[in-house]
Structure formats: structure tokens, C-alpha cells
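Here is the structure we will look at.
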Amino acid sequence: MIPAHWRPHLRQEDGEVLGYLEPVDGGGYRPVTPFGHPAGRTGEEGAARAVLDSLGLAYLAEPWLLTLPDREEPVAVRIVEVGPDRMRVANADHGYEEADIGHVFVLDVPEPGRLRAARG
């Protein structure tokens, strides 16, 4: 579940949650995605909001890598759905034979670090 002290940042046009501002000890905010993945560096509130505005929801369409227990290589996945307490990602890895393409993995939100962007 998204912590209550994280401040939602909404898109002005339609009120869609673009991410959250996570307060950081010592001051400042870290911009995070709706599933808790860091989206930029810690900074002033305005800078953190600008990061989320510039990203929009584009990261939802990007490829991600999911680390699974007992598997050395991460599995390529696509984000299917994100909510305040759970997210769903679908297998997009043709080399992962343990599950069909499209198999859905359910992850807690904020996601504790098993998911990372496939790009750089």
C-alpha cells in the first residue's frame, strides 16, 4: 500500500495520478512512480513535480525486468495495471519457459525493488 505520507501528484488535465512525492529525511522529495519506483533525484518539491510531469505515464508502456526467486536472469515483463496496493505485470520473455507469454505476476505496491526498467 502506498504510504500515507507520500503526496500524490496529479495530472492537471484529468486528475490522473502521475506518481508520488516521497518525503526524504533531511528535506526534499523524491519523485516516484505510482508503484513506488524512483523516477528521479531527490530535490525541492517543484523539481520533483516537474520530473513527474515530464515523464507522464510513458513508463507504463516501456519494457521492465522482473527478478524472480531461484532464477539468475530477470524476466522481461510489461506493466498491465497499477493500483495503490497491487500491480500486475505480464510475462513478455520468450526465453522464460516456466510461464506462457502474457502470464500475469501480481506484485505489492510499493514494489520493493524486484522490478527495474529494461532500458539502461
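Counting only protein heavy atoms and a probe of 1.4 Å, the accessible surface of the chain is 49% carbon and sulfur.
Where does helix 45-55 land angle-wise versus the long Cα axis of the chain, in degrees 0 to 90, nearest 10? For helix 45-55, the angle is close to 40 degrees.
For the pair region 48-71 and region 84-110, the centres of their Cα atoms are 14 angstrom apart.
How many percent of Cα pairs in the chain exceed 17 Å? Percent of Cα pairs beyond 17 Å in the chain: 57. Placing pseudo-labels 7 Å out from each Cα toward the beta carbon at Val24 and Ala47 gives an inter-label distance of 0.8 nm.
Of Arg88, Arg116, Arg49, which has the most accessible area with a 1.4 Å probe, and how do the rest follow in descending order? If you can, show how the numbers build up before the last one.
Details: Arg88 95, Arg116 120, Arg49 65 Å².
The ranking, largest first, comes out as Arg116, Arg88, Arg49.
Just flag the GluC sites (Glu not before Pro) in region 47-120 sitting in loop per DSSP whose Cβ has no more than 14 other Cβ atoms within 10 Å.
On the way: sites: Glu72, Glu81, Glu97, Glu98; in loops: Glu72, Glu97, Glu98.
Counting only loop positions with at most 14 other Cβ atoms within 10 Å, the GluC sites (Glu not before Pro) in region 47-120 are Glu72, Glu97, Glu98.
Taking other residues whose beta carbon is less than 13 angstrom from the beta carbon of Ile101, and scoring Lys, Arg as +1 and Asp, Glu as -1, yields -3.
Sequence-distant contacts, meaning Cα pairs under 8 Å at least 6 residues apart, place the relative contact order of the chain at 20 percent.
The values are calculated or read from the model by the stated rules, or taken from the named source; none is laboratory data. All figures in this text were calculated on a predicted structure; none of them were measured in a lab. Backbone-built Cβ (ideal geometry, glycine too); neighbour counts: all protein chains shown. Each accessible area value is taken on the protein alone, full model and side chains, heavy atoms only, with ligands, DNA and RNA left out. Shrake-Rupley method; radii C 1.70, N 1.55, O 1.52, S 1.80 Å.
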